[in-house]
Amino acid sequence: MAPMEVDRADGRTSNQLRPLSCTRNVLHRAHGSARWSQGDTIVLAAVFGPKAGTKKEENPEKASIEVIWKPKTGLIGKVEKEYEMILKRTLQSVCLLTIHPNTTTSVIVQVVGDDDRPELSLIQLEVQMIIKNNSSIIRAFLALRITHVMGLRTPQLLPCAINASCAALADAGIPLKYLAVAICCGLTGSRSVILDPTKIEEKVFSYSCMLYLLVDYFNCLDRGYAACAKISEFLRRSMESQAPSDLTKTT
Amino acid sequence: MEQRLANTWQMTVNERKFIEMALAADLRVDDRGPFDYRPCTITFGRHFSFTNRVGGSSEVQLGETRVMSYVTSQLVQPYRDRPNEGTLSIFTEFSPMADPAFEAGRPGEFAIELGRIVDRGLRESGAVDMESLCVVVGKLVWSIRVDLHILDNGGNLIDAANIAALASLLTFRRPECTLGGDDNHELIIHDIEDREPLPLIIHHLPVAVTFAVFGEGNIMVIDPSYKEESVMGGRMTITMNSNGDICAVQKAGIGISSSVIIRCLEICAVKAAEITSKINHAMESFNDGRSIQYPNFHPVDVAIQDNLPDVIMDKKQIENLIGHLAALPLDALDRNSNKSGAVVVGTNTRAKFENNQARDGVPFYSPSNWDPYPRKLCSRLARSSLKLSGLPEDVEEDKVNTTQSVTVECGLEHTKGASSSRALETPSEYTTVEATSQYIKAPKTLKDAVKIQNRKMRK
């Protein structure tokens, strides 16, 4: 199936990402912090390094990760809890949990900008992929989240948050297996894949697209793969530029 | 929760004694005068975004303290005893990222106190005009909600939060709504594209100034840092406006004599005026930036051409343009965080991109040709000068292709930057007929832009 070139509202082609920006060590009290922005979607992540003790239901033989998601406005509801859960599972697979057993690392994510326009519309299908890189070799993805999102407002917040948390964890000096990056792919009604959709673009997605073919799914994966490679390159470069003079803050 | 307490920061006895002794000798640990504020920076929303039109988003950095404020509005039914007034509510979020001692969820005592102080200053002094928020008496009024997020606790949260709330309320714009329809009973909320949103009416700016009390109630300092706060014996916050009217006073801790309080009020008057002028100054530069970005609303069609020769703006031209756009609020973090390196994929890393071109077909999107709201003109011109990232790559062709595609805007910028140095003084220049005529027909190529430059130079 030949990919159709979709005309996107902001002039990008279907493969183009929004401009990325990453700043680390933004906060003074937090052990590690990073601010990640993809276009208008901006997320600030802060990490407080291993603290003693775990919660009751957590396994004390491993480090546990606690995620707190703070929306821009409003009370914390189910959406935020879902984000927290997804982020927690992702970060658990990224961090080396056996190094600091019986500790809790807190990751706090604050949404600073979420591409907020009043005309919201439902999106029907969205594939978010998390792809891990190991040095220059791209490994197969380890975690895959498919979310059928009905009425979830901002699908592109989660990849942004994953990127920000990963950068913040690296800034705090928490031992990680790899650097995780995430990208959001959308599937339009005409079965073409667009990367990094913004909120406005969700109008394009048609209601009838609830079932998607396996072929589309793999198509999504391939595109997302390539995009993630780019993002992880960017992340690496931004870290390397600071590495020599940077002092870690973990005790 | 004993584990949580074990993780909180405790001040050592040595540090405490050191700070107390220094203050007794009229010295502060961070080398400030006793009545000096830390450097304060106010930044607004983000550029090029929807919030720039609606406003209402500000971030204040006061020394190490960082507070973010976000204003939203909603139409609700008014309170029964005030049927012709809108409502204003302040919500404070003490995020655990600011301080490990803050717990997520339930606000602590201090969070509630801070919310009340800011609320009292704004609402009860009548700073925000409530009656103008009324739409239909007794049925529909605007409810303004201010969310204060404390991101970094470096001391003196009250002042920082107050400034953030003021800044965001000043830049907030609510959509205009009129009564229309057949029988004039239908409420129409105009989209911000159709009608310019309206600002809130703010009569005066109540500024909070916090004093920390040490010793026996005789040593007062302004703007305590985090360490000074943990040593202080008492605290007094005075909310005043630049006219010298006292809006609110909040005092806690050890007793202070009345003469000291009078002295503090006098100092506060000076400080309030200073901070008010700082806020106004930040507002002006933000509004200038906003008016440049959105002078009119011509729909624009620009095609992206592939395989064009590369137009590279050299460093000097970029700096010229950036200098001219100094009126726009730059990315806060680029200026403020001294520690961090704001890594934006800039022109100096473009060399690396050229090497990686052939590997995968996923391009980076250059902000110069990315526009989330394509109906507006010339915000792109402003944007592209601030962050030039890697140029978009050709997706279809897999062969190693060193030419990179560039949009018309780059070309236009090139001509503007090269030919004239009067880029920003008259914003209308961007929207002169000469410029817009290039955009209306599509697709345009870079050559057209370059041709115009030649014509200009020949003249």
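The numbers here are math on the coordinates, done by the rules we state, and not lab data. This structure is a prediction, so every number in the text was calculated from the model and none was measured. Note that each Cβ is placed from the backbone with ideal geometry, even for glycine, and that neighbours are counted across all protein chains shown.
Some points to look at:
- For segment B:41-149, the Rg and Dmax computed from alpha carbons only, in angstrom: 15.8, 46
- Net charge contributed by nearby residues that have their C-beta within less than 9 Å of B:ALA98 (K/R +1, D/E -1): 0
- Remark: mean inter-chain Cβ contacts per residue of A:40-52 equal 4, using a 10 Å Cβ-Cβ cutoff to other protein chain atoms.
- Among the listed pairs A:LYS177/A:LYS230; A:LYS55/A:LYS81; A:LYS51/A:LYS88; A:LYS62/A:LYS88; A:LYS51/A:LYS230, those beyond 22 Å (Cα-Cα): A:LYS51/A:LYS230
- Cut-off under 5 Å, modelled amide H: who pairs with B:LEU88 long-range: B:ILE144
- Backbone HN-Hα couplings from phi across segment B:24-40 [Karplus 6.51/-1.76/1.60, Hz, Gly and Pro as x]: 5, 9, 6, 10, 10, 5, 9, 6, 9, x, x, 10, 9, 8, 6, x, 10
- Trypsin sites (Lys or Arg not before Pro) restricted to segment A:7-87 and DSSP loop, no more than 15 other C-beta within 10 Å: A:LYS55, A:LYS56
- Net charge contributed by nearby residues that have their C-beta within less than 13 Å of B:LEU27 (K/R +1, D/E -1): -4
- Environment charge at B:GLN74 (Cβ cut-off 12 Å; Lys +1, Arg +1, Asp -1, Glu -1): +2
- Ranked by the mean number of other Cβ atoms within 10 Å of their residues, highest first, the peptides B:220-230, B:278-288 come out as B:220-230, B:278-288.
- Sequentially through segment B:258-272, phi angles give Karplus couplings (6.51, -1.76, 1.60; θ = phi - 60°) of 5, 5, 5, 5, 4, 4, 4, 4, 5, 5, 4, 4, 5, 5, 4 Hz, Gly and Pro residues having no value and appearing as x.
- Taking B:ASP36, B:ASP152 and counting other C-beta atoms within 10 Å, the order from fewest to most: B:ASP36, B:ASP152
- Counting other Cβ atoms within 10 Å as a rough exposure proxy, the listed residues B:THR87, A:THR98 run A:THR98, B:THR87 from fewest neighbours to most.
- Under-5 Å amide H pairs with A:GLU66, H placed in peptide plane, nonlocal only: A:THR105, A:SER106, A:VAL107
- Each of A:TRP36, A:TRP69, B:TRP9, B:TRP142 has some number of other Cβ atoms within 10 Å of its Cβ, and from fewest to most they run B:TRP9, B:TRP142, A:TRP69, A:TRP36.
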